[in-house]
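The values are calculated or read from the model by the stated rules, or taken from the named source; none is laboratory data. Keep in mind it's a predicted model, so treat the numbers as computed, not measured. Reconstructed Cβ throughout: ideal geometry from the backbone, glycine too, with neighbour counts over all protein chains shown. Ligands, DNA and RNA are excluded from the accessible area calculation, which covers all protein heavy atoms including side chains. Shrake-Rupley method; radii C 1.70, N 1.55, O 1.52, S 1.80 Å.
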Amino acid sequence: MESHFHRELDKLKMTLIQMAALSERAMVTACQAFFARDVDLAEEVIQNDREINLLEVEIDKQSLKLLALDQPMARDLRFIVAGLRIAVDLERVADQAVNISQRVRFLGSRPPLPRDPVMEQLSEASLDMLKLAISAFVNQDANQAMDVCTMDDKVDELNVMVLKNLIDYMMNEVPAVERSVQTIIVARCMERTADHATNIAESVTFIVRGLNIKHHSST
Amino acid sequence: MTASVKMTARNLDFYYGDFKALQDISLDVVENQVTALIGPSGCGKSTFLRCLNRMNDLIPTSRVVGDVLLDNRNIYDPSEDVVSIRRRVGMVFQKPNPFPKTIFENVAYGLRINGSRDKGFIAETVERSLKQAALWDEVKDRLDATALGLSGGQQQRLCIARALAVQPEVVLMDEPASALDPIATQKIEELIHLLKKSYTIVIVTHNMQQAARVSDVTAFFYMGKLVEVDSTETLFTRPQNQQTEDYITGRFG
């Protein structure tokens, strides 16, 4: 028989999944808006951020209640503690999406920079990591989570390449400095998203295996 | 300081008639630590506790196979004196069971039946035991009053004082706070933290949060078997066995 506590825990998981879906959509939409230079789409991301913030508050509330009233143990305890951390990472992913969307507001009203395929690769790689991390959480799959952690180095390399390309470009195109700096910020947001995906994957590993793999520790 | 083993159960089986209540239990009890025994009703945890000071000897048709070592000597060896074992391994029960005597006489009882006649020694021991049981300040002005007038929580601490008076090495506690309110329970739990500096404690509890709060090591019993034993922190945060996980997360049955 499922207990009242486990029904409440399932509710918490559903709230986290809902928040994950909205944060993922925010980042996917922000990247689309950036490449399509679509200011309306960017505005949509900014508008929707409030809902994600409210879900974070709701997750804090639900988690605190379960910790206080039910004194969870073992995997249930790990789920709630890690869930609180995952909610923080998801909220920051959404903030990165808002940050990208704010750059789109600026860039959309100015002439486009030349297309950089590395930027597209960076966006794709960080979104892949985010989707895989969320899938690992939904399925409670530690193997998927470990895969996410191995992908972060590639994203860091792509970010450095974008930075180099844009610095080279700015040296020759002084009028494009402001647009280039804004684009560097966008790349940085994508790279940060991959870092949050790594954090989420580490939290999933903690839930499933009871192992803390943050900062290469394994206790 | 290296932790040393005070008691050891080695391949212990226990029978009530034909019923095998404990199967092949091997467990070390470390000196100056609190070892908690948890598990569902009927899992054998109280039976195991009572094996540690031969309290089960009192049950007709019961039978023990295997060894229980106290400082490396088998307490079931025919040459061992059961009274001496029970003095070294004291016990506190679920319900406070003071004798219908004064507070002083309750604590002095064990000393008197052990042959002590020295009034000064008895008075000192009563005071020290009541202080160790965190009861002295509440009863020092009415030591001649009947123990039955104390509250439930005070009575239980009196029983702990009575157990401590004969200077045991190990104290067994069978759900010592289950009949008490939260404040009295908290006092008993604080007391357990203090007592482990001087004694080795084994506690049976149905309350998992209590096991988590007071113990250093927790052992999970199920259907007469020891399923898992580990440091309390590990057992309650990442148990290795699925049955343990299911039990402590309330997914049992």
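A few points about this structure:
- For the chain pair A and B, the buried solvent-accessible surface (1.4 Å probe, both sides summed) amounts to about 1000 Å².
- Karplus-derived HN-Hα couplings along region A:149-158 (A = 6.51, B = -1.76, C = 1.60, θ = phi - 60°), whole Hz, x at Gly and Pro: 4, 7, 8, 5, 4, 4, 4, 4, 4, 4
- Other protein chain C-beta atoms within 10 Å of residue C-beta, averaged over B:229-237: 2.
- Buried on complex formation within region B:239-253 (loss of at least 40 square angstrom of accessible surface versus the isolated chain, 1.4 Å probe, ligands and nucleic acids ignored): B:245, B:249, B:251.
- Dipole of region A:2-92, positive direction: furthest Cα of A:57, A:74, A:22, with charges on the beta-carbon: A:74
- Annotated for chain A: lysine pairs at least 8 residues apart or interchain, Cα distance under 22 Å, count 10.
- Legend: mean number of C-beta atoms from other chains within 10 angstrom of residue C-beta atoms, peptide A:67-75, equals 5.
- Residue-averaged 222 nm ellipticity for chain B, from DSSP H runs of 4+ at -39500 (n - 2.57), nearest 500: -10000 deg cm²/dmol
- Estimated FRET transfer efficiency (residue A:106, residue A:150; beta-carbon r; R0 45 Å; 0.05): 0.80
- Within the accessible area of the protein assembly as shown, the carbon and sulfur atoms contribute 51%, probe 1.4 Å, all protein chains present.
- When the residues A:168, A:89 are ordered by accessible surface, computed with a 1.4 Å probe over the protein chains alone, the sequence from largest down reads A:168, A:89.
- Whole-number accessible area per residue in Å² for the protein assembly as shown, which is evaluated in the context of all protein chains at 1.4 Å: 47
- Sum of -39500 (n - 2.57) over DSSP H runs of 4+, divided by residues of chain A (222 nm, nearest 500): -31000 deg cm²/dmol
- Selected from B:143, B:22, B:172 as most flexible by GNM, with chain B as the system and alpha-carbon contacts under 10 Å: B:143
- Taking the DSSP beta bridges with both ends in the protein assembly as shown, the antiparallel portion is around 60 percent.
- Nearest-0.05 FRET efficiency for residue A:44 and residue A:172, computed from C-beta distance (R0 45 Å): 0.80
- Per-selection Kirkwood Rh - the protein assembly as shown (Cα, Å, 1 d.p.): 26.6
- Dipole check for the protein assembly as shown: with +1 at the C-beta of Lys and Arg, -1 at the C-beta of Asp and Glu, and the Cα centre as origin, the magnitude is about 1760 Debye.
- Charge dipole of region B:78-134 about the Cα centre (unit charges at C-beta), most positive-ward option of B:109, B:97, B:78: B:97
- Whole-Hz ³J(HN,Hα) from phi, Karplus 6.51 cos²θ - 1.76 cosθ + 1.60, for region B:103-114, glycine and proline x: 4, 4, 5, 4, 6, 6, 3, x, 5, 5, 6, 7
- Taking every DSSP beta bridge that has both ends in region B:139-253, the antiparallel portion is near 55%.
- Radius 12 Å from Cβ of residue A:23, net charge of other residues (Lys, Arg +1; Asp, Glu -1): -4
- Proximal aspartates and glutamates to residue B:197, defined as alpha-carbon separation beneath 16 angstrom and excluding residues fewer than eight positions away on the same chain: B:31, B:169, B:189, B:216
- Sequence-ordered 3J(HN,Hα) estimates for region A:28-40 from the Karplus curve with 6.51, -1.76 and 1.60 and θ = phi - 60° stand at 4, 5, 4, 5, 4, 4, 5, 5, 8, 6, 9, 5, 4 Hz, glycine and proline given as x.
- Span from the region A:150-188 Cα centroid across to the region A:1-60 one, whole angstrom: 28
- Amide hydrogen neighbours beyond the local backbone of residue B:37, cut-off 5 Å, H modeled: B:203, B:204, B:205, B:219
- Residues of region A:1-36 that bury at least 10 Å² of accessible area once all protein chains are present, compared with their chain alone (1.4 Å probe, heavy atoms only, ligands and nucleic acids left out), are A:1, A:6.
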